[in-house]
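S.K.: Dumping the structure here so I can ask a few things about it.
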Amino acid sequence: MVIFGWRTTIEQLRMLQLVCGHCHHQSAHNLFRRYTKPTIFFIPLFTISSKYGLQCTFCGVSYDISKMHAHQLV
């Protein structure tokens, strides 16, 4: 029997001081990278999907951003 599955990992890249587009407060934003890998017997193999995002620490809203925009913020 082969155990096959998916593992999604969130990696924090940086904390930034930005104005939130949702609540319009200046607060800390978590810049993160979320990537998904297939697994066999709980061993991650290779990255299938990689997305970047920002999360406001004041209101909790999270939204995806492009890879180029994430690299500009870093």
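The values are calculated or read from the model by the stated rules, or taken from the named source; none is laboratory data. Everything quoted here is computed from the prediction, not taken from an experiment. So basically every Cβ, Gly included, is an ideal-geometry build from the backbone, and we count neighbours across all protein chains shown. All accessible areas refer to the heavy atoms of the entire protein, side chains included, with ligands and DNA or RNA removed. Shrake-Rupley method; radii C 1.70, N 1.55, O 1.52, S 1.80 Å.
S.K.: Can you pull out the residues in the stretch 14-51 that are in contact (Cβ under 8 Å) with a residue 40 or more places away in the chain, surrounded by 13 or more Cβ atoms within 10 Å (Cβ to Cβ) and farther than 14 Å from D64 by Cα?
M.R.: Selection gives L16 alone.
S.K.: Within the stretch 56-63, does at least one residue satisfy the condition of being open to solvent by 60 Å² or more (accessible area, probe 1.4 Å), part of a loop (DSSP other than H, G, I, E, B), small (G, A, S) and without any contact (Cβ under 8 Å) to a residue 60 or more places away in the chain?
M.R.: The answer is no; no qualifying residue exists.
S.K.: Turning to a different aspect of this structure: Only residues that are over 15 Å from S62 (Cβ atoms) and in a strand (DSSP E or B): list them for the stretch 15-43, please.
M.R.: Q17, V19, Q26, Y35, T36, K37, P38, T39, I40, I43
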